[in-house]
Structure formats: C-alpha cells, structure tokens
Amino acid sequence: MISLSGSPLSRETYRIRLLFDLAGLAYETLDGAELRIEVEGERFEDAWRALSRLAPPDWQADGRWFAFARRLASSPTDTALFRELDQHLWFGEREGSPFLCGDHPTVADIGCFPEVMMSEQAGISRMPYPALRRWSDRVRRLPGFTVMPGIFTLPA
Amino acid sequence: MDQVALDEWHVVAALPSLPFGQEVATRLLGTDLALMRSPGDVVAAWPAASGKALPVCIRYGHVWTSLGTPARPLFDLPEFAEPDRRNVMAGSVPVHVSAPRAVENFLDLGHFAYVHDGYLGVEPHTEIKPYKVTSDENGVLATECRAYQPQASLIAEGGFEVEYVYRVPHPYCAILYKSSVLDEKRRDVIAIFVQPVEEERIVAHMLASVLDDVSSDDAIKNFQQLIFAQDKPILENQIPKRLPLHPRAEAWAPADAGSAAYRRWLSSRGVRYGTIPA
Amino acid sequence: MSSSWYPVASGDDLAPRHVFHTALGGQELALWRDDAGFANVWENRCPHRGVRLTIGANLGTELRCQYHGWRFSSGSGQCAAIPAHPGFTPSQGLKVKTYPCVERYGLVWTTLDESPEDIPDLGAAAWRSLRAIFVEAPLAAIAPHLPEQTGLALFLQPVSETRTVIHGLSGDMSFSPRQHDDALTRLRDRIESATP
C-alpha cells in the first residue's frame with residue numbers, strides 16, 4: 001500500500017501525486033506538510049527515486065530526459081532549460097513524439113510538468129516556448145490528470 | 001502621493017509571524033519599513049530611511065500602521081473577540097497585482113466553478129441570483145449573496161446553497177460572512193487584509209475567525225491557503241494590474257453588483273493608489 | 001513599427017483546441033483555431049476583468065475565459081454566454097477585440113494597423129515553415145544580421161521593444177529543418193551575447 005503526505009501547495013508533492021493519478025496507482029493521502037512517500041511501510045527518502053521506482057514499466061523514461069527533469073526542478077528559473085525543452089518538443093511534434101521520450105508520456109514528462117506550469121509564478125512567461133505550451137495541453141488532457149493550485153484543467 | 005491611502009491604517013504583518021527582538025523588513029506604499037516585536041505584544045514600526053516611530057495598532061491578529069494621520073480607528077470586527085471563536089492567521093502571500101484587484105477578487109461571486117472547481121463551485125451550478133448591495137462613507141455591504149458549493153468549508157458535508165455577506169470596511173480589506181455549520185444563527189468570518197506594498201504589488205494577509213470544534217489550526221489555514229493559491233494566477237494574469245475605476249473601462253454582468261459598488265466607493269473616497277482613476 | 005502585416009505564428013502552432021500566446025509591438029495576442037479551421041487573432045484580454053485569454057480554453061467554437069467562464073464566439077469575438085446568468089443574452093457590444101488574420105505560406109499574419117501594406121509576395125513556390133526563434137533583442141539588432149540565402153525567406157516579428165521572433169520559410173528541400181534551426185539558433189546566441 002502506498003501512502004503519501006505533503007503540502008498541496010508543494011511542487012514536490014504534486015510531482016509524486018501526479019504519477020500516482022496518471023498511472024492509476026492506488027494510494028492513501030495522509031496529513032502532514034512534509035513530503036512523505038511510503039510503500040508497505042518503507043519510506044522513500046528521495047522523491048526522484050520514488051518516481052523512478054514506482055512508475056509502472058510503460059511510464060519509465062530514458063535516462064537523459066529524466067535527468068533533465070531533475071535539473072529543471074533544481075533550477076526552475078533557468079530559461080536555457082526552457083529553450084532546450086521547447087526545441088526538443090517542437091521537433092518531437094513533427095517526428096511522432098508528442099511527449100519527451102516518444103509517443104507516450106513517461107516520468108520525464110511528469111518530472112518536468114510542475115516546474116513548467118508554475119514558471120509564471122517564478123516570473124518566467126511561457127510565451128517564448130510555444131511547443132512547451134502545446135505539450136502542457138497534452139499532459140493536462142491525459143486520463144487521470146489532476147491539478148495543484150495554480151494549474152487549471154482543460155475541458156475534455 | 002495619494003493622501004487618502006496615506007492616511008489609512010494598513011496591515012503590515014501577521015503578529016505570530018514576527019519573531020521577538022528581531023528587526024523585520026517590510027514595505028508599504030512604496031516605503032521601506034522596519035518592524036520590531038517586543039514581549040507584551042508591542043510592535044514598533046518605523047520607516048527604514050528616517051527611524052521616526054509610526055503609529056501602530058494590533059488588531060485581529062495583525063499589525064497595522066500608517067504613514068499618515070488616520071482620522072478614525074480601524075474598522076470593527078467584533079467576532080474576533082468572541083471566546084469560542086477559532087482565530088487562525090491563515091497566511092501572508094505576496095502577489096504581483098494591485099490591492100483593489102485583490103479585494104475585488106475576494107468579493108467576486110461568479111468565479112467559483114472555474115477557479116475553485118470542486119471546492120467552492122462546480123458546473124453547471126454557476127448561476128448567481130440577484131443580491132442586495134448598499135454603501136455609505138464607511139464601506140460597502142453585499143447581502144443575500146447565494147452560491148451552490150460542493151464543499152463550502154472544512155466541516156461541511158456535501159454540497160448545498162450557501163448564503164454569503166460581503167463587507168468592505170476599508171479600501172484594501174474585505175470580509176466574508178457565511179452561516180456557521182455548527183450554529184446557523186452565527187457566522188464564520190473569513191477576511192483578507194491587503195498590504196499595498198506598491199501600486200502593483202501586495203501581500204495578502206488572511207484571517208479565518210470560525211466556529212469549528214473539530215479542525216486543527218493547520219487544517220483551517222491550509223484550506224484558506226489552497227483557495228487563495230487558486231486565485232493567485234488569476235490575479236497575476238489581470239491586465240491592467242491596477243483597478244480601472246471608470247464605469248465603462250470593463251464589462252459588467254448583474255452578478256458584479258458588489259464590485260461595481262466597490263469601484264464607485266473607491267472613487268467617492270478619493271482612493272487612487274492601485275487604481276486607474278475614472 | 002512599420003505599418004505592416006507581420007507573421008505571428010505558423011499555421012501548425014494553432015493546434016486543435018489550443019490557445020497560442022504571442023505579442024506584436026507590445027500588444028499581447030491570443031491566437032486560436034476553431035474546429036472548422038478558422039484562425040482567430042484576438043487581444044489577449046477578456047473584456048470582463050482583463051484576464052489573459054491564453055490561460056483560458058479553446059472549446060472548438062468558442063474561447064472560454066478562465067476567471068468566470070465567459071465564452072466568446074469564433075470570428076466575431078462576441079460574448080456568447082455568461083455562466084453566472086444562464087439564458088441571459090449578452091449585448092452585441094460585449095466582445096473581445098479582434099485583429100485581421102491571413103494565413104499565407106504556412107504562416108499566420110496579422111496587423112495592428114487600419115491600412116497596412118501588403119503581405120510580401122513569395123510567388124507560387126511551396127514553402128515549409130521552420131521553428132520560430134525567439135530572440136531577446138530588438139528587431140533593429142537582428143535585421144542587419146539575417147542571412148541571405150536562396151530558398152530561405154526570413155521575417156521578423158517585433159514582439160516588444162526587447163524581444164523579436166524570427167519566422168523562417170524554407171523553399172529548398174535539400175536543407176533539413178534541423179540545419180536551418182542550428183544556424184538560426186547560433187545567430188540568436190550571437191545577437192543575444194552582443195545585446196546589453
């Protein structure tokens with residue numbers, strides 16, 4: 001049994017919760033502001049390790065883009081990373097890869113999503129990253145998608 | 001400089017957030033200030049540039065000061081003093097928008113299903129029936145405001161129609177009253193006290209003064225913060241950031257009666273800071 | 001800014017049920033394609049409380065504002081529905097400001113002017129739109145450095161005084177889009193490091 005606690009205003013907590021909700025993993029939500037991920041009583045110290053270990057096989061990402069997501073999370077205002085992501089996604093759209101690692105979403109997409117969607121609150125407009133904006137629509141339309149405050153759902 | 005805004009009391013901190021004996025920097029109406037809390041809940045405030053003591057009052061769990069000469073005391077909020085109230089300082093959040101835009105958002109009834117979907121509103125229950133609005137020199141009052149809410153408060157079970165009263169007793173403060181789930185003759189109070197840091201920047205201080213014998217302070221605080229975190233991106237995406245006071249600057253629907261009265265009241269009081277005057 | 005039509009997006013940018021965000025001469029724009037394929041260029045601002053329409057939703061025939069759910073019709077920009085008042089017909093004057101829109105050579109063109117000059121004529125050849133490059137520099141800093149190459153047409157969109165987009169069209173299939181992209185990205189980097 002998976003249990004998760006953490007602030008609903010935290011990007012870290014949302015990242016994990018989004019994996020569970022998109023991948024359809026059952027979990028219970030516990031009270032507590034601190035991020036806590038426990039599986040069968042065993043605690044995950046590292047949220048990224050949890051993302052990688054708990055993602056079902058079809059949600060696994062290639063190393064490069066998972067590592068990129070970690071870099072983006074630790075430098076959420078680095079516009080060079082936004083540019084790199086936007087360029088990758090633009091070519092991906094034309095080469096049959098609407099998601100970071102190919103034709104279906106993975107933990108790399110989930111990994112990047114909170115920082116991308118909360119960028120404006122950090123002062124970074126997404127206007128210069130049009131492919132990124134289209135990608136965020138695709139993520140928001142995935143079955144099971146849930147929000148954190150600051151992110152809005154899209155109609156079906 | 002807007003003398004009307006200058007002569008008001010303005011909130012500058014939630015009292016529990018101030019450590020004892022340590023200078024805390026803040027900013028009000030474009031002026032850098034320093035605050036210092038001492039034992040006995042005494043707080044001193046002074047402009048960083050001059051060191052000259054400013055008037056201070058501690059009301060409703062928050063610290064208020066003025067850069068001018070207030071003509072009268074701060075508005076009353078008698079519920080705060082009731083012995084069985086839970087008074088929770090529900091957070092102080094910086095937002096890149098003007099104070100009047102934040103107040104108007106707090107008064108707004110038509111956004112619940114879109115901004116607070118599943119919490120304070122849900123499609124298709126979007127109708128806002130007519131409500132009553134009065135105003136005088138002391139502020140604006142909107143009564144008989146009704147909205148269908150799926151989860152109107154932490155201890156509400158299921159959805160039902162909630163009746164609200166909104167009160168604006170200060171250019172940058174708004175108070176919402178709704179029937180208590182525990183005692184229908186009394187009301188829960190949620191207030192937003194907006195600190196005008198600059199014309200287009202604020203800190204929104206939230207107070208929940210509620211009847212609730214079940215929820216922890218953290219749970220009450222978290223709920224208010226969650227709701228406000230949903231409003232924040234809307235506020236930060238409004239153009240212009242200042243509130244236009246001309247009656248035809250923006251479009252109106254009947255549900256906006258409260259905000260129309262608020263804009264007229266600001267004009268009649270001569271408040272300019274954070275607005276685009278008519 | 002000259003009195004012109006400017007490219008502000010490629011046709012592909014206006015994906016189904018998407019709202020595209022850009023600006024021209026400091027005027028923010030929300031672009032969206034309806035389900036019938038019609039491209040709209042609108043002021044990025046709901047007439048109600050001024051919220052950016054780019055955080056709203058493209059419903060296929062209407063654009064919905066995220067604040068109060070007001071819906072505006074494709075083409076006219078007129079308000080079609082106000083959820084707080086179901087069954088109430090908004091007045092005809094209640095609308096989003098719209099701008100003219102022409103799609104040509106795979107790009108979406110608009111103008112802020114009443115009587116703009118014509119869209120440049122690139123003849124009858126087939127053009128493929130390249131990835132638009134956002135440059136944090138004014139248009140005047142970029143124009144002198146644009147490469148001249150047969151089979152490559154470059155247009156500049158002044159987003160604001162400090163930001164410009166380079167829209168490229170390739171008519172020469174022997175160059176891959178990535179080759180062009182690399183060259184334009186290097187140009188961007190050179191211009192940005194020279195810009196204070």
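Given Cα pairs under 8 Å that are at least 6 residues apart, what percent is the relative contact order of region B:3-65?
32 percent
What is the distance in Å between the Cα centres of region A:27-103 and region A:109-156?
Measuring centre to centre over Cα atoms gives 13 Å.
Which residues does a label at residue C:140 reach in region C:1-31, if reach means a backbone N under 18 Å from a point 7 Å past the Cα toward the Cβ?
Residues passing the 18 Å test: C:1-4, C:25-26.
Any idea what the dipole of the protein assembly as shown comes to, in debye rounded to 20, about its Cα centre with Lys/Arg Cβ at +1 and Asp/Glu Cβ at -1?
Dipole magnitude for the protein assembly as shown comes out near 720 debye.
With an 8 Å Cα cut-off and a minimum separation of 6 or more residues, compute the relative contact order for chain A in percent.
Relative contact order, chain A: 25 percent.
Short version: what are the Cα gyration tensor semi-axes of region B:78-276, square root of 5 times each eigenvalue, largest first, in whole Å?
Each semi-axis is √(5λ); the values are 26, 19, 17 Å.
In whole Hz and in residue order, list the ³J(HN,Hα) couplings for region B:263-278 that follow from phi through the Karplus curve 6.51 cos²θ - 1.76 cosθ + 1.60, θ = phi - 60°; x for Gly and Pro.
Values per residue, Gly and Pro as x: 5, 5, 5, 4, 4, 5, 7, x, 6, 10, 5, x, 10, 10, x, 5 Hz.
Would you work out which of B:245, B:80, B:229 lies farthest towards the positive end of the dipole of region B:78-276? Charges go on Cβ: Lys and Arg +1, Asp and Glu -1.
Final value for the positive-end residue is B:245.
Based on Cα coordinates alone, diagonalise the gyration tensor for region C:125-194, multiply each eigenvalue by 5, take square roots, and list the semi-axes in whole Å, largest first.
Square roots of five times the eigenvalues give 21, 12, 10 Å.
Rounded to two decimals, what is Rg over Rh for region A:2-140 when you use alpha-carbon atoms and the Kirkwood radius?
Ratio value, two decimals: 0.97.
May I ask for the longest run of chain B untouched by trypsin sites (Lys or Arg not before Pro) that are loop-located per DSSP and have at most 11 neighbouring C-beta atoms (other than their own) within 10 Å?
Segment B:53-184 is the longest.
Considering the convex hull of the alpha carbon atoms of region C:86-178, report its projected area averaged over all viewing directions, in nm², one decimal.
Spelled out: convex hull of the Cα atoms, projected over all directions, averaged, 9.9 nm².
Do any chymotrypsin sites (Phe, Trp or Tyr not before Pro) in region C:3-72 lie in a DSSP loop with no more than 14 other beta carbon atoms within 10 Å, and if so, which?
Hits after loop and neighbour filter: C:38.
Any idea what the dipole of chain A comes to, in debye rounded to 20, about its Cα centre with Lys/Arg Cβ at +1 and Asp/Glu Cβ at -1?
420 debye
From the residues A:76, A:91, A:150, which one has its Cα farthest along the dipole of region A:23-156 in the positive direction, the dipole being from +1 and -1 charges on Cβ of Lys/Arg and Asp/Glu about the Cα centre?
Checked the options; the winner is A:91.
With springs only between Cα atoms under 10 Å, which of B:212, B:41, B:256 fluctuates most in a Gaussian network model of chain B?
B:41
Counting partner chain Cβ atoms within 10 Å of every residue's Cβ in A:147-155, what's the average?
Across A:147-155, the average partner-chain Cβ count within 10 Å equals 6.
Classify region B:76-146 from the C-alpha gyration tensor, please: rounded if a/c falls under 1.5, else prolate or oblate depending on whether a/b exceeds b/c.
Note, shape of region B:76-146 comes out rounded.
Output the pairs from B:221/C:97; B:129/C:95; B:221/C:95 with a Cα-Cα distance over 30 Å in this structure; if there are none, say none.
B:221/C:97; B:221/C:95
Expressed as a rounded percentage, what relative contact order does chain C have, with Cα pairs under 8 Å and six or more residues apart?
21 percent
Are there GluC sites (Glu not before Pro) in region B:77-180 that DSSP puts in a loop and that have at most 12 other Cβ atoms within 10 Å, and which ones?
Answer by residue number: B:137, B:157.
Could you work out [θ]222 nm for chain B from helices alone, using -39500 (n - 2.57) per DSSP H run of at least four and dividing by all its residues? Round to the nearest 500 deg cm²/dmol.
Roughly -5000 deg cm²/dmol at 222 nm, from the helical runs in chain B.
Does a label point 7 Å from the Cα of residue C:174, set along Cα-to-beta-carbon, have any residues of region C:117-136 with amide nitrogen under 19 Å, and which are they?
C:125-128
Counting partner chain Cβ atoms within 10 Å of every residue's Cβ in C:133-146, what's the average?
Partner Cβ neighbours, averaged per residue: 1.
Which of rounded, prolate or oblate describes region C:1-152 when judged by the alpha-carbon gyration tensor and an a/c cut-off of 1.5?
prolate
Per DSSP H run of at least 4 residues, take -39500 (n - 2.57); add these up for chain A, divide by its residues and hand me the 222 nm value, nearest 500 deg cm²/dmol.
Computed ellipticity for chain A at 222 nm equals -14000 deg cm²/dmol.
Amide H to amide H under 5 Å from residue C:10: which residues, 5+ apart in sequence or cross-chain, H placed 1.01 Å off N in plane?
Under 5 Å from the amide H of residue C:10 lie the amide H atoms of C:108, each far enough along the sequence or on another chain.
Can you pull the percent of Cα pairs in the protein assembly as shown with separation above 31 Å?
Roughly 57 percent, once rounded to a whole number.
For chain B, set up a Gaussian network in which alpha carbons nearer than 10 Å are linked by springs, and say which option among B:128, B:190, B:175 fluctuates the most.
Its mean-square fluctuation being the largest, the pick is B:128.
Using a 4.7 Å Cβ cut-off, which Cys residues in the protein assembly as shown lack a partner cysteine?
Those would be A:101, A:112, B:57, B:145, B:173, C:79, C:101, since no other cysteine Cβ in the protein assembly as shown comes under 4.7 Å of theirs.
Inside 10 Å of the C-beta atoms of C:13-21, what's the mean count of C-beta atoms belonging to other chains?
5
The numbers here are math on the coordinates, done by the rules we state, and not lab data. Keep in mind that this is a model prediction, so the values were computed, not measured. Note: ideal-geometry Cβ built from the backbone for every residue, glycine included; neighbour counts use all protein chains shown.
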